[in-house]
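Please see the structure below; I have some questions.
The values are calculated or read from the model by the stated rules, or taken from the named source; none is laboratory data. The shown structure was predicted, so the numbers you read here are calculated from the model rather than taken from an experiment. Counting neighbours? That spans all protein chains shown, and the Cβs are built from the backbone with ideal geometry, glycine included.
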Amino acid sequence: MLDALRGPLEATGPKPGCGIGRCGACLVLLDGAPVPSCLVLAARLDGAEVTTVDGLGEDGATILRALADAGAIQCGYCSAGMTVAIAGALRTVPRPGPDQVLELLAGQLCRCGGYEGLRRAVQSLFG
């Protein structure tokens with residue numbers, strides 16, 4: 001799915017990363033649940049709802065602002081996946097606490113080491 005999103009569909013939010021579903025850079029919402037797009041075949045998506053970071057609307061903008069304000073965005077490469085993961089937590093866990101959200105974000109890698117900023121952002125959003 002990642003190749004289809006970034007190629008013909010020109011969606012630049014999901015980023016290529018590890019290619020094995022471990023880094024979170026390519027995360028999208030598939031029927032509302034966060035999944036690594038590098039692990040899903042586009043041919044299996046008939047009738048499915050796929051939402052990238054660009055389709056999150058005001059929720060996505062609010063999350064990105066919180067990440068930026070908390071210093072969690074440095075190079076920006078992981079921010080789309082982090083945003084989708086947080087939005088997924090909002091949609092799949094009723095009233096998640098900060099610890100639950102951080103647990104859901106455990107698979108998100110940030111090469112710049114913005115994890116303390118991520119904790120602050122999650123605290124501001126869910127604290």
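Among the residues of the stretch 9-19, which ones are of a type in the set (Gly, Ala, Ser) and over 15 Å from Met82 (Cα atoms)?
The answer is Ala11, Gly19.
Something else: Starting from residues that are in contact with a Pro (Cβ under 9 Å, 6 or more places away or on another chain) and assigned to a loop (DSSP other than H, G, I, E, B), keep the ones in the stretch 20-52 and report whichever is nearest to Ala87 (Cα to Cα).
Checked the stretch 20-52; the qualifying residue nearest to Ala87 (Cα to Cα) is Thr52.
Now, a different point. Which fully enclosed helices (runs of 4 or more DSSP H) of the stretch 59-127 have 1 or more residues being of a type in the set (Gly, Ala, Ser), over 21 Å from Ala33 (Cβ atoms) and touching a residue at least 12 places away in the same chain (Cβ under 8 Å)?
115-126
Test Leu102 against the criterion of being under 24 Å from Cys18 (Cα atoms), surrounded by 14 or more Cβ atoms within 10 Å (Cβ to Cβ) and not polar (S, T, N, Q), and give yes or no.
yes
Given the criterion of a type in the set (Gly, Ala, Ser) and either touching a strand residue (DSSP E or B) at 6+ places or on another chain (Cβ under 6 Å) or at pLDDT 95 or above (or both), identify the matching residue among Ala68, Ala85.
None of the others qualify; the one that does is Ala85.
Right, next: Only one residue in Thr12, Thr52 is free of Cβ contacts under 8 Å to residues at least 60 places away in the same chain and crowded, with 19+ Cβ neighbours inside 10 Å, so which one is that?
Thr52
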